[in-house]
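Undergrad: Have a look at this one before I ask anything.
The values are calculated or read from the model by the stated rules, or taken from the named source; none is laboratory data. Predicted model, so just to flag it, every value in this text is computed and none were measured. Cβ atoms come from the backbone with ideal geometry, glycine included; neighbour counts cover every protein chain shown. Heads up: the accessible areas ignore ligands, DNA and RNA and are worked out on the full protein's heavy atoms, side chains in. Shrake-Rupley method; radii C 1.70, N 1.55, O 1.52, S 1.80 Å.
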Amino acid sequence: MAGLRLGPLLRYADGSSATVWIEAGRPCAAEVRCADGSGGTTRTFQVAGHHYALIPVTGLTPGTATPYEVFLDGTRAWPPDDSPFPPSAIRTPAGDDDVRVAFGSCRWAAPPAGEHDPVGPDALDSLAARIAADPDGERPDVLLLLGDQVYADETSDATRRRIAGRRDLSEPPGSEVADYEEYTWLYDESWRDPEVRWLLSTVPSCMIFDDHDVIDDWNTSASWVADMRATDWWRERVLSGLMSYWVYQHLGNLSPAALAADPLYAAVRDTPDGTDLVRDFACRADTEPAGVRWSYRRDFGRVRLLMVDTRAARVLAEDGRAMLDAGEAHWLREQALDTPGSYDHLLVGTSLPWLLPHLVHDAEGWNAALCRGERGARWARFGEKVRRAADLEHWAAFPDSFAALTRLLAEVGTGPQAPASVLVLSGDVHHAYVAEPRWPGDVPDARVLQLTCSPVHNSIPLSIRAGFRFGWSALARALGRGFRRHGRSPRPPVGWRKTGGPWFGNQLMTLTLRGRSARLRLHQARADGVLVLVEESELTSG
């Protein structure tokens, strides 16, 4: 009998359809049955000895909440008979509903119940507990996970023991994951957490990778890539990371129409074993990144979300560094400017913040100038060492890309058909804050903000807290100007100020978007696992 190995995850949901992702223990027919008679069925596909399905659900009624069950070969596999949680349900929006978007990044898997958690309560566990206690109460319409969903380079004690059972930890990559099978263990550990498993079964999710999904500082520079490719373990690691991301995260980001048009997905489903097909795709994604797009668009009524790949789409040559290659940059511009006046809020999801504390921004711009040779070869070598050691690879480290994004956001936000808000949603930096740009000339009509929220569940050392608090200070700005002068770097094309934070803790931000109004709330997970409100503000009044 087929068993449910992982999932279900409710991924896509609109007014009449949805997709539900599962991993089964063997090949089978996977089916979703909804209480109102709607549903869908599909056969599993195989990758590296594992069996998956992305089940299309059709016939849903807008504005309803419909409980569902998952069947494998006709036998119910979800929910478990002893589940302590309410039924998993698919909620479909009506045209005039509020849109609630929760987001965060950087989540280490929580330890099993009863074990000590060294980084404190998991914000997703706390969110699940709150929703389960009041199933008909307020909940997110979508959960955006903005990178570092799994940590391939920082494994738990339990995963290290499993790795030690199959290979020698004294050989690279040591206790980090090495191949596809070990990646599956990371997703097992992260998504089998009972609270998170139920939460992801009943709240739709959108995901994008960041560095730790593959390795810390992934694609920092051309010399970094060359060094990694010179090792005898990196190729298997990066291909396995991209393969598992495609299976576990990327497919569920796509709409049913996009899935139907995806030739790789069709080919994998039509073959008994899709391993070689997915591996070949991952190889192309690694060596020819301009030919693969991980970014995607989702529309929630009059809210447009553009999730942007800021890792695999990079151009790393020092004389032409760019956060996004030409095709990716064109796609972002095209999607942001598509049908002016058709949306009230533009959300740009990018794992790495656009606006950073001023000292960090200026240090990254200075470092980029050194690395491209502004102060000579010796400084360039020094700059590369500093870049890797200090993780200087955000938007500010790609000055031309920073300027291009700044211009695009201003263009989108200006004019009679501008949206009410243009909000850049980010994570990565293990604290939360709100920053507002100040253009030197004409001010956009839209409210433009950087909203940063992380971690969902991770450590926040005192050094990080002190460093980021200092990074916003007047003294830090003065130091930053010194960096700019030494690197012969121009002033940024826009100024900005911190209007909220910094906040430290395991946390989630939530946007409530109603017509042209936008409200922001920040919740932190308290020691007893309860989410507490620490900030609420009106971003636009409509």
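Undergrad: Please quote Rg/Rh for region 305-373 to two decimal places, taking the Kirkwood radius as Rh and restricting both calculations to Cα atoms.
TA: Working: Rg = 14.6 Å, Rh = 14.0 Å.
Ratio of gyration radius to Kirkwood radius for region 305-373: 1.04.
Undergrad: Please work out the ratio of the alpha-carbon Rg of region 475-542 to 2.2 N^0.38 Å and round it to two decimals. Display every interim value, and only then the final one.
TA: Values: Rg = 17.8 Å, N = 68, 2.2 N^0.38 = 10.9 Å.
This ratio for region 475-542 stands at 1.63.
Undergrad: Here's something else I'd like to know. On the principal axes of its Cα set, how long, how wide and how thick is region 174-299? Give whole Å, largest value first.
TA: Rounded to whole Å, the extents work out to 42, 34, 33 Å.
Undergrad: In percent, what relative contact order does region 83-230 have, based on Cα pairs under 8 Å that are 6 or more apart in sequence?
TA: Values: 159 pairs, mean separation 49.3, N = 148.
Relative CO of region 83-230 lands at 33 percent.
Undergrad: Given H placed on each backbone N at 1.01 Å, which residues far from residue 66 in sequence or on other chains put an amide H within less than 5 Å of it?
TA: 90, 91, 92
Undergrad: Where the only charges are on Cβ atoms (+1 Lys, Arg; -1 Asp, Glu), what is the dipole of region 159-282 about its Cα centre, to the nearest 20 debye?
TA: On the way: 12 positive and 23 negative charges, 53 e Å.
Here the size comes out at about 260 debye.
Undergrad: Sort the following peptides by mean Cβ neighbour count (other Cβ atoms within 10 Å, averaged over residues), highest first: 160-169, 28-37, 190-199, 241-250. Provide the component values of the computation, followed by the final result.
TA: On the way: 160-169: 12.5, 28-37: 19.1, 190-199: 21.1, 241-250: 23.8.
Ranking the peptides 160-169, 28-37, 190-199, 241-250 by packing returns 241-250, 190-199, 28-37, 160-169.
Undergrad: Can you compute 3J(HN,Hα) from phi for each residue in region 308-325, using the Karplus curve 6.51 cos²θ - 1.76 cosθ + 1.60 with θ = phi - 60°, rounded to whole Hz and x for Gly and Pro?
TA: 10, 6, 10, 10, 7, 8, 6, 9, 10, 4, 4, 8, x, 4, 8, 5, 10, 5
Undergrad: Something else about it: Have a look at 265, 292, 346 and report the one farthest towards the positive end of the charge dipole of region 232-357, computed about the Cα centre with Cβ charges (Lys/Arg +1, Asp/Glu -1).
TA: 346
Undergrad: Quantify, in whole percent, the carbon and sulfur part of the accessible surface of region 1-151 (1.4 Å probe; protein heavy atoms only). Walk me through the numbers on the way to the answer.
TA: On the way: 2920 of 5650 Å².
Carbon and sulfur atoms account for 52 percent of the accessible area of region 1-151.
Undergrad: Testing the spin-label approximation: label points 7 Å from Cα along Cα→Cβ at residue 276 and residue 171. State their distance in nm.
TA: 2.6
Undergrad: Hey, can you find the accessible area per residue of the chain for me, probe 1.4 Å, expressed in square angstrom?
TA: Accessible area per residue: 38 Å².
Undergrad: While we're here: For the pair residue 134 and residue 283, what calculated FRET efficiency results from E = 1/(1 + (r/R0)^6), where r is the Cβ-Cβ distance and R0 = 56 Å, to the nearest 0.05? Mind showing how you got there, number by number?
TA: On the way: r = 47 Å, r/R0 = 0.85.
Between residue 283 and residue 134 the formula returns 0.75.
Undergrad: Which order do the peptides 131-144, 312-325 take when ranked by the mean count of other beta-carbon atoms within 10 Å per residue, highest first?
TA: Details: 131-144: 16.4, 312-325: 18.5.
So the peptides 131-144, 312-325, ranked by packing, come out 312-325, 131-144.
Undergrad: Can I ask one more? Over what distance in Å are the Cα centres of region 406-431 and region 78-154 separated?
TA: So the separation of the two Cα centres works out to 26 Å.
Undergrad: Further question: Rank these residues by their accessible area, most exposed first, probe 1.4 Å: 273, 82, 445.
TA: Numbers: 273 70, 82 130, 445 105 Å².
So, going from the largest accessible area down, we get 82, 445, 273.
Undergrad: Now for a different question. May I ask you to compute the full-extension gain from residue 222 to residue 257, defined as 0.36 nm times their residue separation minus their alpha-carbon distance, rounded to one decimal in nm?
TA: Values: separation 35, 0.36 × 35 = 12.60 nm, distance 3.62 nm.
In short, 9.0 nm is gained.
Undergrad: May I pose another question? Provide the per-residue ³J(HN,Hα) series for region 283-292, in order, calculated from phi with Karplus coefficients 6.51, -1.76, 1.60 and θ = phi - 60°, each as a whole number of Hz, with x at glycine and proline positions.
TA: 5, 5, 4, 7, 8, 10, x, 5, x, 10
Undergrad: Could you tell me, in Å, what Rg and Dmax come out for the Cα atoms of region 118-225?
TA: In Å, with Rg to one decimal and Dmax whole: 16.5, 53.
Undergrad: Sticking with this structure for a sec: Determine ³J(HN,Hα), in whole Hz, for all residues of region 330-336 in sequence, where each value follows from phi through the Karplus function 6.51 cos²θ - 1.76 cosθ + 1.60 and θ = phi - 60°; x replaces Gly and Pro.
TA: With coefficients 6.51, -1.76 and 1.60, one gets 5, 4, 4, 5, 4, 5, 5 Hz.
Undergrad: Next up: Fully extended, how many nm does the chain gain between residue 389 and residue 463 (0.36 nm per residue separation, minus their Cα-Cα distance)? Write out the running numbers ahead of the final one.
TA: Numbers: separation 74, 0.36 × 74 = 26.64 nm, distance 1.50 nm.
Here the answer is 25.1 nm.
Undergrad: Using Cα centres only, tell me the gap between region 308-348 and region 204-271 in whole Å.
TA: Value for the Cα centre distance between the two parts: 18 Å.
Undergrad: Accessible area of region 154-305 with a 1.4 Å probe: how many percent of it is carbon plus sulfur?
TA: Details: 2870 of 5810 Å².
After summing per-atom areas, the C and S share lands at 49 percent.
Undergrad: Have a look at 67, 172, 99 and report the one farthest towards the positive end of the charge dipole of region 63-197, computed about the Cα centre with Cβ charges (Lys/Arg +1, Asp/Glu -1).
TA: Of the listed residues, the answer is 67.
Undergrad: Follow-up. Measuring from the lowest to the highest alpha carbon on each principal axis, how far does region 453-501 reach, largest first, in angstroms?
TA: 39, 21, 17
Undergrad: Here's a follow-up. Scan around residue 539 for amide H atoms under 5 Å from its own, H built in the peptide plane at 1.01 Å from N, and keep only partners 5 or more places away or cross-chain.
TA: Counting only residues 5 or more places away or on other chains, the set is 518, 519, 520.
Undergrad: Additional query: Using R₀ = 60 Å, calculate the FRET efficiency as 1/(1 + (r/R₀)^6) where r is the Cβ-Cβ separation of residue 96 and residue 382; round to 0.05. Intermediate values should be presented prior to the final figure.
TA: Working: r = 57 Å, r/R0 = 0.95.
Here the calculated transfer efficiency is 0.55.
Undergrad: Additional query: Which of 19, 435, 208 sits closest to the plus end of the dipole of the chain, meaning its Cα is farthest towards the positive end, when Lys and Arg get +1 and Asp and Glu get -1 on the C-beta?
TA: In the chain, that residue is 435.
Undergrad: If you don't mind, there's one more thing I want to ask. Charges at C-beta only: +1 for Lys and Arg, -1 for Asp and Glu. How large is the resulting dipole of the chain about its Cα centre, in Debye rounded to 20?
TA: Rounded to the nearest 20 debye, it is 1740 debye.
Undergrad: Amide H neighbours of residue 55 under 5 Å, counting only residues 5+ apart in sequence or on other chains, H built in-plane at 1.01 Å?
TA: Distant-sequence amide H within range of residue 55: 20, 21, 22.
Undergrad: A further question on this structure: From the P(r) of region 58-168, can you give the percent of Cα pairs sitting at distances over 24 Å?
TA: Tail of the P(r) past 24 Å holds 48 percent of the pairs.
Undergrad: So, one more: For region 276-395, report the translational diffusion coefficient in µm²/s to the nearest whole number, using Stokes-Einstein at 4 °C, 1.567 mPa s, and a Kirkwood Rh over Cα pairs. Can you show the working numbers first?
TA: On the way: Rh = 16.4 Å.
Estimated via Stokes-Einstein, D reaches 79 µm²/s.
Undergrad: Could you tell me the calculated FRET efficiency between residue 235 and residue 470, based on Cβ-Cβ distance and R0 = 45 angstrom, to the nearest 0.05? Mind showing how you got there, number by number?
TA: Values: r = 40 Å, r/R0 = 0.89.
Once the sixth-power term is evaluated, E becomes 0.65.
Undergrad: Taking 0.36 nm per residue of sequence separation and subtracting the Cα-Cα distance, how much length would be gained by fully extending the chain between residue 527 and residue 61, in nm to one decimal? The partial results should precede the final answer.
TA: Numbers: separation 466, 0.36 × 466 = 167.76 nm, distance 3.96 nm.
Length gained, residue 527 through residue 61: 163.8 nm.
Undergrad: With charges only on Cβ, +1 for K and R and -1 for D and E, what is the dipole size of region 79-227 about its Cα centre, in debye, rounded to 20?
TA: Details: 12 positive and 33 negative charges, 65 e Å.
Charge dipole of region 79-227: 320 debye, to the nearest 20.
Undergrad: Starting from the Cα of residue 443, step 7 Å along the direction of its Cβ; do the same at residue 407; then give the gap between the two resulting points in nm.
TA: 2.4
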